[in-house]
Amino acid sequence: HLKSGIGNLGHRIVAQEDKVYVTMGFNAPVSALDSRTGKELWVSDDSANAEELILQDGLLFCVINLAKESQSKHPYQSMSNYNRMLANKVSRKIIALDVKSGDKVWEHVPKTVLPLSLTVGEKGLFFHDSDSIVSLVPRTGKQQWRSEAVKYWQDLMLYSGVNLVLYRDILLFS
């Protein structure tokens, strides 16, 4: 039952025609697998502690948890350890991986990335950094723009998340 765990658990796997990109454990790096055979194609050491994955145009965008105190200690860790951590206090970064090689193309290190706020489209890669919504150029990671302050529930916990949805040229945040 997915709702009994952390909110971003379902965001740790992405599939396409011939490959699956997945974290093989809570603190594990991203692995690329052949979707027909299950054979491991590559593992990105740059992506240890990946929490969210999004794939577009040959790039795999990963939200990486940088805060050791918020990482899982073992596979059966109690959720109570996560309950006491505010999401905006967990430092995170975003990296882009080349899907063919697993090599890091770029990284962007904001003060944080709110859980489940990463989304991408033709015109940008978007996330909430606990102050504003930020747009990056997907190919380079360079910042395009930053919104005015966008409020959210300040007691948002690590195991939960927000919603940032892109539809055509419209971003919806809740």
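Available extension along the chain between residue 34 and residue 100 is 22.6 nm, counting 0.36 nm per residue and deducting the alpha carbon span. Relative contact order of the chain: 17 percent, from C-alpha pairs under 8 Å at least 6 residues apart in sequence. Charge tally for residue 162 (other residues, Cβ to Cβ under 14 Å; Lys, Arg +1; Asp, Glu -1): -3. In a solvent-free Debye calculation with one equal scatterer on each Cα, what is log10 I(q)/I(0) for the chain at q = 0.08, 0.14 Å⁻¹, listed in the order of the q values? Debye intensities relative to I(0), on a log10 scale: -0.23, -0.72. Once both labels are positioned 7 Å from their Cα atoms along Cα-to-Cβ, the gap between residue 84 and residue 55 label points is 3.9 nm.
Which entries of 68/104; 100/142; 39/89; 19/151; 100/151 have Cα-Cα distances beyond 32 Å here? Where the Cα-Cα span goes over 32 Å, the pairs concerned are 39/89; 19/151; 100/151. Between residue 153 and residue 17, the contour length at 0.36 nm per residue exceeds the alpha carbon distance by 45.2 nm. Couplings 3J(HN,Hα) of the range 163-171, computed from phi: 10, 10, 10, 10, 10, 6, 9, 10, 9 Hz, in residue order, whole Hz [Karplus 6.51 cos²θ - 1.76 cosθ + 1.60, θ = phi - 60°; x for Gly and Pro].
Across the chain, the longest run free of exposed loop sites, meaning trypsin sites (Lys or Arg not before Pro) lying outside DSSP classes H, G, I, E and B with no more than 15 other Cβ atoms within 10 Å, spans 1-35.
Laboratory data are not the source of any read-out in this text; all were calculated from the coordinates shown. Just so it is clear, the model here is predicted, and its values are computed rather than measured. Because the Cβ atoms are built from the backbone with ideal geometry, glycine has one as well, and the counts that use them run over all protein chains shown.
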